[in-house]
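See below for the structure under consideration.
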Amino acid sequence: MQRPPYPVDRASLRVHQEQRLKGLVDELLQKNAFWQDRLRRHGLGSGLKNLDDFSRRLPAIEKSELVRDQQLHPPYGSLLTYPLQRYVRMHQTSGTTGEPMRWLDTAESWQAQLNVWRKVFEVAGIGPGDRIFFPFSFGPFLGFWTAFDAATQVGCLTLAGGGLTSQGRLELLLANGATAICCTPTYAIRLAEVAARMDIDLTEAGVQTLIVAGEPGGSVPAVRQRISKRWGGAQVCDQHGMTEVGPVSYANPNHADLLHIVEASYFAEVVDPRTLEPLDDGQEGELLLTTLDRWGSPLLRYRTGDLVRISRRPPQELGFVDRALEGGILARVDDMVVVRGVNLYPSAVDEVVRRLGGVAEYRVSLHCSGALTEITVEVEAAEAGANGELPADLSRRLEAAFRGAFQLRIPVTVVDSGSLPRFELKAKRWRRLV
């Protein structure tokens, strides 16, 4: 199955986006109860003039509004454009940032998402003859479902690893000669740890590419380098998306710190998360996305909660038509905590931990002391000493690294190996203690 032709320059991309959005708005005004009311209330009842008019008139929409709509109109809300009989897939958000939402797709909307993943694979150099291993449980959240279906369309042998232990997954991966893996950054590291305990040399496993998603680690240099080293120098490509919008980006193979938005499928804006005023390229802000192809369950100017910075470098100078996000997803707007006047994001803490090295797993605890929030960190050492003792200086070195990065004293405790939880999907390393 062929993908639609991709715009060849920024001008044709702009025309493509405007045409798709005009068609979408016209369709919604006729058939989508949720968006009919919203579009008409904000002066778009006669259709769309252009992208600038669209951004100026239509307010951004928040996840809480979608959750409320599903509560008022269970189980799927009023956002569906077509009769229920048209829909063929149901997925739901993971619930890591609030109450889960159910999301439906028509066959056409589903194929539009597969087209994005086909571009991800193409840019990563994955195609016919590759064997892609998917070591995740195929549950109701979107996860790698779209990647799995898209891999079959590009002619890959797809290997499903759901329902197996990590050891069983490694055995399946090796027995079938997998050349690529799709998983979270955390689980790529976890599989490497299990392989080491099994005396498996991953440098000879034949895995050439790992596409990692679900967490920001794939764009964190220290995490990416750690994964690559443990998998014998394999290429590590970041990717991101959300259940409610679908797969969004692909990694630049020549600039590992850049994620390109698939702009033929998304109209992307970056705004100040407090004022929602538009920001220029190079400024850090919240990513808004409009789904140009997912007409069955569309979102217009959706607040993703992702903090990003669009590169000032011309996209075609980077080898692509699509604009790029520097450092991928920098953080989540709602993940920030203030510790003694310092803004802390989980991705920044993760970068410090991974850059230091010597840490197998860690957990961050937030404590409320009066009106103040305090933070402590527990870590497992990556390697035990000859007699099983843990490195005595690990906590000291990590405390010094935190102090240098954040100008904060963050107590670090080294705990027994295997005492902290491991994660197959999105890692939940931060917890708030009463």
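Read the figures in this text as sums done on the coordinates, not as results from a lab. As the structure is a prediction and not an experimental result, all values here were calculated from the model. Note: ideal-geometry Cβ built from the backbone for every residue, glycine included; neighbour counts use all protein chains shown.
Calculate the spin-label point distance for Trp430 paired with Glu122, positioning each point 7 Å from the Cα along the beta-carbon direction, and give it in nanometres.
Spacing of the two 7 Å Cα→Cβ label points: 3.6 nm.
Pull out the extension gain between Glu284 and Glu171, defined as 0.36 nm times the separation in residues minus the alpha carbon to alpha carbon distance; nm, one decimal. Display every interim value, and only then the final one.
Working: separation 113, 0.36 × 113 = 40.68 nm, distance 4.30 nm.
That pair, Glu284 and Glu171, stretches by 36.4 nm at full extension.
Rg (Å, one decimal) plus Dmax (Å, integer) for the alpha carbons of region 41-192?
19.3, 59
Sort Asp272, Asp334, Asp293 so the one with the fewest other Cβ atoms within 10 Å of its own Cβ comes first.
Working: Asp272 13, Asp334 10, Asp293 21.
By the 10 Å Cβ count, ascending: Asp334, Asp272, Asp293.
Between Gln316 and Asp393, what is the spin-label point distance in nm, taking each point 7 Å from the Cα along the Cα→C-beta axis?
Placing both labels 7 Å along Cα→Cβ, they lie 5.4 nm apart.
Taking only DSSP H segments of four or more residues, each worth -39500 (n - 2.57), what value at 222 nm results for the chain once the sum is divided by all its residues, to the nearest 500 deg cm²/dmol?
-9500 deg cm²/dmol
Tell me which residues come under 5 Å, amide H to amide H, from Gly161 once H is placed; ignore anything under 5 positions away on its chain.
The list, which skips near neighbours in sequence, is Phe134, Phe136.
DSSP beta bridges in the chain, what fraction antiparallel, as a percent rounded to 5?
Working: 42 of 65 bridges.
Bridges in the chain that DSSP calls antiparallel: roughly 65 percent.
So if R0 is 25 Å, what FRET efficiency would Val339 and Asp416 give, r being the distance between their Cβ atoms, rounded to the nearest 0.05? Please list the in-between numbers first.
On the way: r = 26 Å, r/R0 = 1.06.
Taking R0 as 25 Å, the efficiency between Val339 and Asp416 is 0.40.
Determine the gain in length on full extension of the stretch Asn254-Ser46; use 0.36 nm per residue of separation and subtract their C-alpha separation, reporting nm with one decimal.
Numbers: separation 208, 0.36 × 208 = 74.88 nm, distance 4.44 nm.
Between Asn254 and Ser46, full extension yields 70.4 nm more.
On the Cα set of the chain, report Rg and Dmax in Å, please.
Rg and Dmax of the chain, Cα atoms, are 22.3, 75 Å.
Using the basic label-point model (7 angstrom from Cα toward the beta carbon), what is the Gln153 to Asp201 distance in nanometres?
My value for the distance between the label points is 4.0 nm.
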